[in-house]
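In what follows, a structure is listed as structure tokens, so that the remarks can point back to it.
The values are calculated or read from the model by the stated rules, or taken from the named source; none is laboratory data. Note that this is a predicted model, so its numbers are computed, not measured. Here the Cβ positions follow ideal geometry from the backbone for every residue, glycine too, while neighbour counts run over all protein chains shown. What goes into the accessible areas is simple: the full protein's heavy atoms, side chains included, and nothing from ligands, DNA or RNA. Shrake-Rupley method; radii C 1.70, N 1.55, O 1.52, S 1.80 Å.
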Amino acid sequence: MKVAFIGLGHMGAPMSRNVLAAGHDLVVHDLRRDAAAGLLAEGAAWADSPRAAGAGREAVITMLPGPPAVEQVLLGPDGLLDGMEPGSVWIDMSTSTPAVAGRVLALAAPRGIAVLDAPVSGMAAGARDGTLQIFAGGDAADFAVARPLLEAMGDPARIVHAGPHGAGYIVKLMINLLWFAHLTASAEVLTIGTQAGVGLATLRHCLLASPAASHFLDRDVLSVLEHGDYDEGFALALACKDLGLALDLARTSGVPVPVSAAVEQIYRQARARYGDTGGEMLPVKLLEDLTGAPLRLSTPGPPRS
């Protein structure tokens, strides 16, 4: 398939490399040409603009920081939509919003351009290994056409057609919101329990054997507990952006979310203290610093990939 990939950042670069490795004819574009150096050396071609990237391509994938960047790339000067041809499909794998998809769809559909929102979960390791979880929103027929391309980047068993246009974005925002809530609640529970006198390993063992068990407690938190690693692979600025989008969605859906609002405020405090580029798990450190009690297991295991 003739594919273009726009957005070669922390996630986009390894995802596009897997598209190329799967045998697709790949054109790439990014704000920084040097971000494409490795891909160009491996056989991808360069496009000087989003519009040029879309020309003659059957599918164009975007992996961008958020809704403003998506709109700029699609609809701005020399934008992608003006370069795409009837019968092609735009697949947005960014964490964005149904509103953006709707605006693009209104312009794309009359031109015969299909639209799928297909954000991902799985962090940089999943992007590198081609094992991402992918949630697609759009027409079932368009999803079926795009699925072989999605399988170049994701685990086939975890590529889901989530529903109509915008459904993929919604699922992704809800996953992120719940994960951030798990993190903030787990940090408080572990800190209260250990400060009250229970050993960290014992407390975690009891929690994992109880109805309060979670994937976060079982696996994700170990990067902090074993290695003091707060996951700089996903920045606090992006975490706050995603939380803001989730709360915006709650407001437009008419749902009061006091717990989610509190989680967002904790993340904003962590961002103010540790900076935009700090890791997404730094709200744990925020509590550690406030109490003077780092959460560390005494016998760490090997680093996680």
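Summary of values
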| quantity | calculated |
| --- | --- |
| By accessible area with a 1.4 Å probe, ligands and nucleic acids excluded, highest first: order of Ile170, Ile113 | Ile170, Ile113 |
| The stretch 178-305, Cα convex hull volume normalised per residue, Å³ | 113 Å³ |
| Fraction in percent of alpha-carbon pairs per bin - 5 Å, the stretch 94-148 | 4, 17, 23, 23, 17, 9, 5, 1 |
| Value of relative contact order over the stretch 10-147, rounded to a whole percent, pairs C-alpha under 8 Å and six or more apart | 21 percent |
| All lysines inside 20 Å of Lys2 as judged from Cα atoms, apart from same-chain residues fewer than 8 positions distant | none |
| Per residue, in Å², the accessible surface of the chain once ligands and nucleic acids are set aside, probe 1.4 Å | 44 Å² |
| Cα-derived Rg to Rh of the stretch 113-197, Kirkwood definition | 1.18 |
| Lysines with Cα under 22 Å of Lys285, excluding same-chain neighbours fewer than 8 positions away | Lys241 |
| Cα-based radius of gyration of the stretch 131-252 once divided by 2.2 N^0.38 Å, which approximates compact folds | 1.31 |
| All Cα pairs of the stretch 37-175, percent lying beyond 21 Å | 39 percent |
| Span-rule helices in the chain, defined as complete DSSP H runs reaching 20 Å or more along the axis (Cα) with Kyte mean at least 0.0 | 167-195, 236-252 |
| Arg296 accessible area, assembled protein chains, probe 1.4 Å, Å² | 90 Å² |
| Potential extension, Ala201-His10 segment - 0.36 nm per residue separation minus Cα distance | 65.5 nm |
| Structure-derived Rg/Rh (Cα atoms, Kirkwood Rh): which label, when the choices are [x] 1.01; [y] 0.95; [z] 0.98 | [x] |
| Theoretical gain in end-to-end length, Ala45 to Asp155 [0.36 nm per residue, Cα-Cα removed] | 37.0 nm |
| Distance (nanometres) between label positions extended 7 Å along Cα→Cβ at Ala37 and Ala140 | 4.8 nm |
| Rounded to 5, the percent of DSSP beta bridges in the chain classed as antiparallel | 15 percent |
| Magnitude of the charge dipole, the chain, Cβ model with Lys/Arg +1 and Asp/Glu -1, debye to 20 | 280 debye |
| Within the accessible area of the chain (1.4 Å probe), percent carbon and sulfur | 58 percent |
| Accessible area in the full protein assembly, largest first, 1.4 Å probe, for Cys240, Cys206 | Cys206, Cys240 |
| Helical contribution to [θ] at 222 nm, DSSP H n ≥ 4, -39,500 (n - 2.57), averaged over the chain, rounded to 500 | -15000 deg cm²/dmol |
